[in-house]
1. Examine the range 85-97 for a residue that is farther than 15 Å from residue 39 by Cα and polar (S, T, N, Q), and state whether such a residue exists.
2. One residue is enough: does the range 547-556 have a residue meeting the conditions farther than 30 Å from residue 616 by Cα, in contact (Cβ under 8 Å) with a residue 24 or more places away in the chain, within 16 Å of ligand 1 (Cβ to nearest atom) and surrounded by 16 or more Cβ atoms within 10 Å (Cβ to Cβ)?
3. Do we find that residue 349 is over 22 Å from the mean Cα position of the chain (by Cα), closer than 21 Å to residue 81 by Cα and touching a residue at least 60 places away in the same chain (Cβ under 8 Å) in this structure?
4. I need the helices (runs of 4 or more DSSP H) fully contained in the range 477-546, keeping only those with at least 2 residues that are more than 27 Å from residue 411 (Cβ to Cβ) and away from ligand 1 (no atom under 13 Å from the Cβ).
5. Filter the range 386-441 for residues that are basic (Lys, Arg) and part of a loop (DSSP other than H, G, I, E, B); which is nearest to ligand 2 (Cβ to nearest atom)?
6. Of all residues in the range 209-235, which are part of a loop (DSSP other than H, G, I, E, B), in contact with a strand residue (DSSP E or B) (Cβ under 6 Å, 6 or more places away or on another chain) and over 15 Å from residue 296 (Cα atoms)?
7. Only one residue in 491, 419 is closer than 25 Å to residue 573 by Cβ, buried (at least 24 other Cβ atoms within 10 Å of the Cβ), at pLDDT 95 or above and of a type in the set (Val, Ile, Thr), so which one is that?
Amino acid sequence: MRLTVAQALVRFLGRQQVERDGEVTPLFAGCLGIFGHGNVAGIGQALLQEELAGDPALPYVLARNEQAMVHTAVAYARARDRRQVWACTASVGPGSTNMLTGAALATVNRIPVLLLPSGTFATRRTGSVLQQLESPVAGDVTVNDAFRPLSRWFDRVSRPEQLPDALLQAMRVLTDPAETGAVTLALPQDVQAEAHDWPDELFDERVWRIPRTPVEPDLLDQAAAEIRSAARPLVVAGGGVHYSGAEEALRLFAAETGIPVAETQAGKGSLLHGDPQLVGAAGSTGTTAANALARDADLVVGVGTRWSDFTTASRTAFQDEGVRFVNLNVTGFDAGKHAGLALVGDARDALEGLRERLSGHRVTTAYADRVDRLRGEWDAVVTRAYAPPEEVTDRLADGMLTQAQVLGAVNELSDPRDVVVCAAGSMPGDLHKLWRVRDAHGYHVEYGFSCMGYEIPGGIGVRWADPSRDVFVLVGDGSYLMLPGELATAVQERTKIVVVIVQNHGFGSIGSLSESLGSQRFGTRYRYRDDAGRLDGEPLPVDLAANAESLGARVLRVRDAAGLADAVRTAKAAPDDGGPVVIHVTTDPLVPAPDSDSWWDVPVSQVSDLDTTRAAYDDYAAARKAQRSLLRPHPTPTTGQGAD
Ligand SMILES: Cc1ncc(C[n+]2csc(CCOP(=O)(O)OP(=O)(O)O)c2C)c(N)n1
Ligand SMILES: [Mg+2]
């Protein structure tokens, strides 16, 4: 079959299917893109041809910014539990480098996305092309080489003959839970348009199976034995619980054994609010309940977590001298962390295997009572934060709310199946602590890369993944200013997302971090430069509500708590195909969410001219003393040890 490389690529992608648990669905949802001279006549022509033929297998969506379109793709894939992905096409040079941040975000979060950066001529027949990077020391370097360290599979198709192998490898990585992340096929502009005679079978339908790799039975025996002999066990649930569909298996495991479950950002929603075993967020943005149990735990069972510093409170969360880790994970890389007993395999099946082996086992009544009490205490804290007493609200400037009030109103007035989306700033931490999740897919906070600007494009992807849910995007003013442009994409596609812009005139998060580290909120406020030459003047006359309105969004301006409730109700009632609704609310950055006495390692200058920094350094040095190495090995298993 004679087709260009781009036509062959588009045809191939449209024929890939994925299978999980017997269900077969298309692997690709579509192709997001922005055209330039690198792709307009290559991939662009191939997509046009498909669209004109009717019912394209790879529908095309025009985005506004290449970084943003990768966020949309990643959010979609995550919301679909990594079972369906997007391709993203960009032009040469800046179009492609704009996707780098999206590539890193995908790989860090272990979410599949197919990136198709365009490259300058493989033949080099024109000499240096517009937007080409020229290296004085290497003839074959292009900006696309920057994708290599960010991709789980990278290839450059410099000859048509290379395409089939590159495609098979790309599909393998996209559908492998242990390997997945950004997959990059760099496509030089001339090669995209070049015709070639392809073998017909390249375009046969292919079904890629997402495996459920079994954990070795002996290792499950050993893990069960360690859990039985633990006095104070704790489960930490990560994103892998969702990707494996292990929520029900985890719920039963925890209910039967009485073991409490704490959650990472990606793992939040593994158990639902009200579950008697759920003790909430783990780590630096954790609950008092989860952190108290972590401090004393003698055995920590990590399920689908990669143990980031936020989860371990920079290795201060676990203080028991003898604490050991059992890590259930699809990747050996994560399973081996903290010298854990590495259970490499699928979370759902392994949890069921552990449950069987632990039949009849329960934590002590004293431990169960402690879990129950701690859980209740934190729940009361959340209730108070959602509805702050007058002594707090009276202190706020006119028209301002506390951030926790905003989260509370959205939580209580949204439907249980609606999804909250967030990524950077002070809200992810507050959401982690305070958001009451009522549906396993109801919480979508990107905190692997915590990338400002993910929120709006991410919200669009979440909505497309399941249009039966309303999507509430919570975005700070700083993050909003990074990538507001996809609101126009949402208008174009009539995508209903509800964007709550939380205006606090700068970086509330980094501002308070700065203050706590002795750096006096330096450079974190959006202010005029004052007479002393510092950014401490009056707030800027920036009107983000008007900005959103100018992009075509419907905007609701909130002035008080009652107005916020009205706005959320109005947004809920807005038509499903009416495009984005923006709620603009002003909050006081100086009212923090309730504390849980946890810590995060951010190094403070060891020497300084500033009293504030010297004082912060003393605190820092003292806090570091709580860091633990978490290297304790496991006893060597004896074979045939059995469940006891
Ligand atoms: C792309 C990117 N740049 C920088 C940062 C570091 N950073 C984390 S939070 C933050 C400020 C966010 O401001 P805003 O969205 O207004 O939220 P707030 O802190 O006020 O809640 C910054 C600069 C980041 N996470 N992502
Ligand atoms: Mg802000």
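The values are calculated or read from the model by the stated rules, or taken from the named source; none is laboratory data. These figures come from a predicted structure and were not determined experimentally. Every residue, glycine among them, receives a Cβ derived from its backbone with ideal geometry; neighbour counts consider all protein chains shown.
1. no
2. Yes, there is a match, as at least one residue in the range 547-556 is farther than 30 Å from residue 616 by Cα, in contact (Cβ under 8 Å) with a residue 24 or more places away in the chain, within 16 Å of ligand 1 (Cβ to nearest atom) and surrounded by 16 or more Cβ atoms within 10 Å (Cβ to Cβ).
3. Spelling it out, residue 349 is indeed over 22 Å from the mean Cα position of the chain (by Cα), closer than 21 Å to residue 81 by Cα and touching a residue at least 60 places away in the same chain (Cβ under 8 Å).
4. Answer list for the range 477-546: 486-492.
5. Top of the filtered list is 395.
6. Of everything in the range 209-235, those that are part of a loop (DSSP other than H, G, I, E, B), in contact with a strand residue (DSSP E or B) (Cβ under 6 Å, 6 or more places away or on another chain) and over 15 Å from residue 296 (Cα atoms) turn out to be 210, 215.
7. 419
Residue-wise test of (1) exposed (fewer than 15 other Cβ atoms within 10 Å of the Cβ); (2) more than 18 Å from residue 482 (Cβ to Cβ).
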residue: 520; (1), (2): yes, yes
residue: 530; (1), (2): yes, yes
residue: 536; (1), (2): yes, yes
residue: 539; (1), (2): yes, yes
residue: 545; (1), (2): no, no
residue: 572; (1), (2): no, yes
residue: 575; (1), (2): yes, yes
residue: 578; (1), (2): yes, yes
residue: 598; (1), (2): no, yes
